[in-house]
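This report refers to the structure that appears directly beneath it.
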Amino acid sequence: MDLAEPALGVPAALPKVWLKAGREKSLRRRHPWVFSGAIDHVEGDVAAGATVELVSASGEGLGSGAYSPASQIRARVWSFDPGESIDAGFFRRRLVRAVESRRRLDLLGSRAACRLVFSESDGLPGLVVDRYGEYLVCQFLSAGAEAWRATLVELLAEICAPRGIYERSEGGARHKEGLQSRRGSLAGDEPPRELELVSGGARWIVDIANGQKTGAYLDQQRNRERVAAHARDADVLDAFSYTGGFSIACLRAGAKHATLIDSSADALALAERETSVNGVRDRCRFVTANVFDELRRVRDSGARFDVVVLDPPKFVHSADQVTAGSRGYKDVNMLGLALVRPGGVLATFSCSGHVDAALFQKIVAGAAVDARRTAQILERLAQPADHPVATEFPEADYLKGLILRVH
Ligand code: SAH
């Protein structure tokens, strides 16, 4: 037996993080974050990502978590069971549980893509794993996930037997944890520049190494189908199109034409490829522009559409941006509403977790009043089952959308 390993069933003594009196309440409700302000003191010198025992002011063990000295979220809970060792076995159990859930949802087809591990919602704070057919893409977004990266990669290779595992640990979340961005191959083959997958029956080209996020927006797969249900014979305006997922779904469902707008020339170059392989490129127009400017220009030109899709990036990154971000959502929705032919459809989304579904609906309602249009909600959309929301962690609930009939 490796001497560094604790004896079976007897957890090694962990450094203790003592909470202030009364600050254990959120942990009792199984919320997995411990903010710096809730901590009374930390015993000893604890390294970033190290496993710590979380104890109440009276010394009661509340569970174990990963310590993150650089972040306001000073610890993230791995387990609420104080007796559970945090080791390879623990991570294997959590990963298998996440993968099995997607298997039961029938999301693991050889050319399908889905989110395999969704951080806190899968009991693995800071770890995101997306599966693109035979390739996995990991994001280690917390000090704890970073500390266990080698173990996690080994376990993913064992559990999923992918052709390759790639890393796209980038963005603000990592920065807040005091970590640099990292990108590159972690195991097996490098993904091809253009990986071809299938989504909703359409061919889907994903550039894992250079695309946005981990290569694509997996969270809109089902919503593209829902919007496409309104697209027969439609003239579609796809604003914030990225590589054109909504346009392709609509054109395959019988839309006449689609106009794709995105500020990223790379995204639209891939959209040209993707619409080509789907045989719909000749019914598309690609506009590299700022959506706000372009929608004003289109509005003034008098052009109108049967289906307008608005799928902007996250406008609100923190609670103090809600007011400014709401203004952005209202502006873009006023512009979008103005471009819908009477009787047509607006499909509008927000991926800002700080703007909840009720607020988003209120913003869109205000936009309709100011745009002097009457709108009815036909359908409410949300994130799909591979982006689950753990009930004790409502922060995971970020994507909302409305399909509206506009008169
Ligand atoms: N609808 C896409 C995902 C959109 S993500 C899909 O289904 O896959 C948001 C997109 O908005 C990104 O492609 C980004 O390049 C683009 N973007 C961000 N700000 C923009 C702006 N001001 N004008 C135009 N495009 C913008």
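The values are calculated or read from the model by the stated rules, or taken from the named source; none is laboratory data. Keep in mind it's a predicted model, so treat the numbers as computed, not measured. Cβ coordinates were reconstructed from backbone atoms using ideal geometry, including for glycine residues, and neighbour counts include every protein chain displayed. The protein model used for the area step is the full one, side chains on, heavy atoms only, and it has no ligands, DNA or RNA in it. Shrake-Rupley method; radii C 1.70, N 1.55, O 1.52, S 1.80 Å.
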Area of Phe240 that stays accessible when all protein chains are in place (1.4 Å probe, Å², to 10): 40
Quick one: grab the alpha carbon gyration tensor of the chain, order the square roots of its eigenvalues as a ≥ b ≥ c, and give me rounded if a/c is under 1.5, else prolate or oblate depending on whether a/b is larger than b/c. prolate
Cα extents of region 22-174 along the principal axes, largest first, in whole Å, come to 52, 28, 22
Which far-off residues, 5 or more places away or on another chain, put their amide H under 5 Å from the one on Leu116, with H placed in the peptide plane? Val129, Asp130, Arg131
SASA check, Asp293, accessible area w/ 1.4 Å probe, all protein chains in place, rounded to nearest 10 Å², comes out at 90
For the Ala229, Glu272 Cβ pair and Förster radius 25 Å, calculated FRET efficiency rounded to 0.05 is 0.45
For Lys16, give me every one of the aspartates and glutamates with a C-alpha distance below 13 angstrom, ignoring sequence neighbours fewer than eight places off in its own chain. Asp40, Glu43, Asp45, Glu53, Glu60
Violations at 24 Å Cα threshold for listed pairs Lys176/Lys213; Lys25/Lys362; Lys213/Lys314; Lys213/Lys362 -> Lys25/Lys362; Lys213/Lys362
Debye, to nearest 20: dipole size of the chain, +1 on Lys, Arg Cβ, -1 on Asp, Glu Cβ: 1460
Would you please put 190-197, 162-169, 369-376 in order of how densely packed they are, using the mean number of other Cβ atoms within 10 angstrom per residue and starting with the highest? 162-169, 190-197, 369-376
When DSSP beta bridges are limited to those with both residues in the chain, what percentage is antiparallel, rounded to the nearest 5? 65
Projected label distance in nm at Ala150 and Gln72, using a 7 Å step from Cα toward the beta-carbon: 3.4
Separation in nanometres of the label points that stand 7 Å from Cα toward Cβ, at Glu158 and His175: 3.7
Among rounded, prolate and oblate, which fits region 202-328 when a ≥ b ≥ c are the square roots of the eigenvalues of its C-alpha gyration tensor, a/c under 1.5 means rounded, and a/b larger than b/c means prolate? oblate
Relative contact order as a percentage, the chain, C-alpha pairs under 8 Å and 6+ apart, gives 10
Which is farthest toward the positive dipole end of the chain among Thr259, Val369, Val117, measuring Cα position about the Cα centre, with Cβ charges +1 (Lys, Arg) and -1 (Asp, Glu)? Val369
How far is helix 291-301 tilted off the main Cα axis of the chain, in degrees rounded to 10, range 0 to 90? 10
Using the alpha-carbon atoms, what tilt in degrees (0 to 90, nearest 10) does helix 322-338 show relative to the longest principal axis of the chain? 30
At 1.4 Å probe size, with every protein chain present, just tell me what the per residue accessible area of region 214-369 comes to in Å². 39
Share of the chain's accessible area from carbon and sulfur, percent, 1.4 Å? 49
Estimated dipole of region 353-392 in Debye, rounded to 20 [Cβ of Lys and Arg +1, of Asp and Glu -1, Cα centre]: 320
Nearest 10 degrees, 0 to 90: helix 265-277 Cα axis against the chain principal axis: 70
Assuming R0 = 56 Å, what is the FRET efficiency of Ser264 and Ala13, from their Cβ-Cβ distance, to the nearest 0.05? 0.65
Label-point gap, in nm, between Asp189 and Val96 - each point 7 angstrom along Cα→Cβ: 2.8
Which of the aspartates and glutamates could a cross-linker bridge to Lys256, judged by Cα under 18 Å and excluding same-chain residues fewer than eight apart? Glu225, Asp233, Asp235, Asp238, Glu272, Glu274, Asp282, Asp306
